[in-house]
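The values are calculated or read from the model by the stated rules, or taken from the named source; none is laboratory data. Since the model is a prediction, treat every value here as computed from it, not as a measurement. Cβ placement follows ideal geometry from the backbone for every residue including glycine, while neighbour counts extend to all protein chains displayed. Keep in mind that these areas ignore ligands, DNA and RNA; they rest on the heavy atoms of the full protein, side chains included. Shrake-Rupley method; radii C 1.70, N 1.55, O 1.52, S 1.80 Å.
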Amino acid sequence: MKILKVNNNSCSENWDKMSPNEKGKFCLNCNKKIFNFESLPDSQIIDILENKKENICARIPLSKINSPLL
C-alpha cells in the first residue's frame with residue numbers, strides 16, 4: 001500500500017489558463033507538466049510516482065493527501 005505524501009508548494013498559476021495535455025496540463029511559466037490526480041485512478045497515480053525521474057507537480061484532491069492509494 002502506498003501513501004501519497006506531498007510538499008505543499010502551492011502554485012500561483014491559474015489552472016484554467018494552462019494548456020491541457022494527456023494526464024493534466026502544461027504550465028508555460030515553469031515549463032513543466034502538471035498531473036491532475038483528481039481525475040486519475042490510484043493505480044495510475046502509483047505508476048506515475050514509481051516511474052518519476054524527478055520531482056513532479058500535481059493537482060491533488062485533499063482526500064488523497066496522506067491517504068492509502070489502492
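Quick check: pseudo-label points 7 Å beyond the Cα along Cα→Cβ at Ser43 and Asn14, how many nm apart are they?
3.7 nm
Keeping every protein chain in place, order Lys33, Lys23 by accessible area at 1.4 Å, biggest value first, i.e. largest first. Could the numbers behind the result be given before it?
Values: Lys33 75, Lys23 55 Å².
Output order, biggest surface exposure first: Lys33, Lys23.
Note down the relative contact order for segment 20-70 as a percent, whole number, built from C-alpha pairs under 8 angstrom at least six residues apart.
On the way: 46 pairs, mean separation 17.5, N = 51.
This gives 34 percent for segment 20-70.
Mean-square fluctuation check for the chain, GNM, Cα pairs under 10 Å: which of Ile34, Ile56, Ile45 is largest?
Among Ile34, Ile56, Ile45, the largest mean-square fluctuation in the Gaussian network model of the chain belongs to Ile56.
Consider just the alpha-carbon atoms of the chain and return their Rg together with their Dmax, both in angstrom.
Final numbers for Rg and Dmax: 11.9, 35 Å.
Obtain the nm distance between the two label points defined at Phe26 and Arg59 by a simple spin-label model: each point lies 7 Å from its Cα along the Cα-to-C-beta direction.
1.7 nm
If each DSSP helix of 4+ residues adds -39,500 (n - 2.57) and the sum is divided by the residues in the chain, what number results at 222 nm, nearest 500 deg cm²/dmol? If you can, show how the numbers build up before the last one.
Details: 1 runs with 9 residues, N = 70.
When only DSSP H runs of four or more count, the value is -3500 deg cm²/dmol.
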